[in-house]
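What follows is a single structure, written as structure tokens, with notes after it.
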Amino acid sequence: MAFAQEKSYTIDDIYSLPEGSRAELIDGQIYYIAPPGRRHQTIARELFSSINSYIKSKDGSCESFFAPFAVFLNEDDTNYVEPDISVICDPGKLNDKGCTGAPDWIIEIVSPGSRRMDYFTKLFKYRTAGVREYWIVDPEKNRILVYNFESEDTGDYTFADSVKAGIYNDLLINFSNIADLLNI
């Protein structure tokens, strides 16, 4: 479970953490991240593979990244996240450290310790930072919530559904294939 700290921190504090520590920084508060489990990693791998293959097949200008990948969300020193999957379509936001500014599309896969963070804290932060689309993939609840912030549309799906990506015209991700891998 992620716990907020009392003191206000900066990105320098994140980079000063002991080797192997993972944490995110939201509004100056550090939230430690537990290592993901096999189910989480399987979902992330399959989603990333589908998205990355789609972008390559279309000779797209967007790039996809998987965690750990640094996103300096508000271009300030008090917000740093590592989304499970990030898609960035503006190459000007990318540098050697990661992404400066809001990615176009973020996917978070809910783990037992990240539920509140993914459903509430990050939903608010991503929307206000300018993320165009945010997916919350929750294997325990057999649920995929899709927030298209541009059209102010929300979709609620299960692992039996194919889900259309809002930032693309023809990318559908078939979650039943992922469910089969996980025996859901």
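None of the figures in this text is laboratory data; all of them are computed from the coordinates on show. Model, not experiment: these values are computed from the prediction. As a convention, Cβ positions derive from the backbone with ideal geometry for all residues, glycine included, and neighbour counts pool all protein chains shown.
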By how many nm would the segment from Leu94 to Leu172 grow when fully extended, if each residue of separation counts as 0.36 nm and the alpha-carbon distance is taken off? 25.5 nm
Where both partners of a DSSP beta bridge lie in the stretch 40-137, what percent of those bridges are antiparallel, to the nearest 5? 60 percent
Which is the longest stretch in the chain that no exposed loop site breaks, taking sites as GluC sites (Glu not before Pro) with a DSSP loop state and at most 10 other Cβ atoms within 10 Å? 20-151
Set Lys122/Lys164; Lys7/Lys122; Lys56/Lys93; Lys97/Lys164; Lys58/Lys125; Lys93/Lys141 screened for pairs whose C-alpha atoms are more than 26 Å apart: Lys97/Lys164; Lys58/Lys125; Lys93/Lys141
Expressed in µm² per second, the diffusion coefficient of the chain from the Stokes-Einstein equation, with Rh the Kirkwood radius over alpha carbon pairs, at 4 °C and 1.567 mPa s, is 78 µm²/s
Taking the convex hull of the Cα atoms, report for the stretch 16-88 its projected area averaged over all directions, in nm². 5.7 nm²
Cys residues of the chain with no disulfide-compatible partner (no other Cys Cβ under 4.7 Å) are Cys99
With DSSP loop assignment and no more than 14 other C-beta atoms within 10 Å, the trypsin sites (Lys or Arg not before Pro) in the stretch 105-184 are Lys141
Glu6 paired with Ser21, simple spin-label distance in nm, labels 7 Å along Cα-to-beta-carbon: 1.7 nm
Using the Cβ atoms and a cut-off under 10 Å, what net charge is assigned to the surroundings of Gly155, where Lys and Arg are +1 and Asp and Glu are -1? -2
How much length is gained on full extension from Phe120 to Leu182, taking 0.36 nm per residue of separation minus their Cα-Cα distance? 19.7 nm
Of Asp12, Asp84, Asp27, which is the most mobile in a GNM of the chain whose springs link Cα atoms less than 10 angstrom apart? Asp12
Degrees, to the nearest 10: 38-57 long Cα axis against longest axis of the chain: 70 degrees
